[in-house]
1. For region 92-121, how many residues are in contact with a strand residue (DSSP E or B) (Cβ under 8 Å, 6 or more places away or on another chain) and either part of a loop (DSSP other than H, G, I, E, B) or surrounded by 15 or more Cβ atoms within 10 Å (Cβ to Cβ) (or both)?
2. Do we have residue 164 as farther than 23 Å from residue 195 by Cα and at pLDDT 95 or above here?
3. Only residues that are assigned to a helix (DSSP H, G or I) and either touching a helix residue (DSSP H, G or I) at 6+ places or on another chain (Cβ under 7 Å) or touching a residue at least 24 places away in the same chain (Cβ under 8 Å) (or both): list them for region 162-181, please.
4. How many of the residues making up region 172-190 are within 24 Å of the chain's Cα centre (by Cα) and surrounded by 14 or more Cβ atoms within 10 Å (Cβ to Cβ)?
5. Whether any residue in region 239-262 is within 24 Å of residue 126 (Cα to Cα) and either exposed (fewer than 11 other Cβ atoms within 10 Å of the Cβ) or in contact with a strand residue (DSSP E or B) (Cβ under 9 Å, 6 or more places away or on another chain) (or both) is what I want to check.
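The values are calculated or read from the model by the stated rules, or taken from the named source; none is laboratory data. Predicted, not measured: the structure shown is a model, and the values here were computed from it. A quick note on method: Cβ atoms are made from the backbone with ideal geometry, for glycine too, and the neighbour counts reach across all protein chains shown.
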């Protein structure tokens with residue numbers, strides 16, 4: 001057993017001798033205890049300054065006027081829309097004899113007269129809409145005015161002031177009280193609302209009626225009979241068509257805009273979509 005372990009012992013002894021020799025040669029370099037030199041300090045100079053006394057303005061001196069702030073280049077001027085012209089004497093003459101569709105021409109001229117007296121609409125929080133329920137007496141005077149809803153108190157106030165100072169209006173076309181609802185749009189982006197009259201002699205389209213409606217008290221029953229539709233024939237149709245005025249470019253353009261705003265383009269069928 002001793003003969004077999006001799007080579008291993010010899011290798012261990014040689015390894016220890018080699019490590020000792022390396023430590024002996026590199027020891028002074030690796031384990032030097034040389035002190036480090038301190039860093040030189042830079043002197044700091046401190047200067048004491050006295051506060052500058054403020055000048056007291058004399059009592060007779062006037063304060064300088066503030067300079068107006070410069071408008072940022074990115075800020076845009078708000079949009080405006082001038083008031084439309086008031087209905088002319090010819091417009092009121094036509095409205096005074098037009099009896100179709102609950103005196104359609106009279107109702108339109110009444111709203112146009114109010115909007116023309118409200119002045120220029122400026123883009124901002126003051127613009128808006130107001131809807132009234134109006135009753136006009138047979139002699140053309142205002143009998144009742146009720147606000148149904150409003151999106152701007154400024155628009156409602158301007159509309160009421162215009163209604164209070166409206167000029168005398170002609171009598172109603174039917175000689176009876178005229179009751180209707182009207183929305184006054186006071187906005188910088190309002191479109192022309194000139195109506196079309198060409199379809200006023202056509203039969204009324206029956207409104208949808210729910211056949212299953214029930215008030216909760218009476219006997220349940222189903223109403224499948226549509227309301228009767230009055231169709232003008234013969235002399236009645238001819239007399240009706242005599243009241244229809246000639247169409248104008250403004251009425252056609254206003255009608256096209258209303259259709260586009262409601263249904264969008266023909267290609268996409270979505271409002272606001274490009275062609």
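1. Applying the first criterion (in contact with a strand residue (DSSP E or B) (Cβ under 8 Å, 6 or more places away or on another chain)) to region 92-121 yields 102-103, 106-107, 110-111, 114-115, 118, 120-121.
When the remaining residues are screened for being either part of a loop (DSSP other than H, G, I, E, B) or surrounded by 15 or more Cβ atoms within 10 Å (Cβ to Cβ) (or both), the result is 103, 106-107, 110-111, 114-115, 118, 120-121.
Adding up the residues that qualify gives 10.
2. On the way: farther than 23 Å from residue 195 by Cα: yes; at pLDDT 95 or above: yes.
Taking the combined requirement at face value, the residue satisfies it.
3. Step one: of region 162-181, the residues assigned to a helix (DSSP H, G or I) are 162-164.
Correct list: 162, 163.
4. Final tally of qualifying residues: 7.
5. No, every residue in region 239-262 fails to be within 24 Å of residue 126 (Cα to Cα) and either exposed (fewer than 11 other Cβ atoms within 10 Å of the Cβ) or in contact with a strand residue (DSSP E or B) (Cβ under 9 Å, 6 or more places away or on another chain) (or both).
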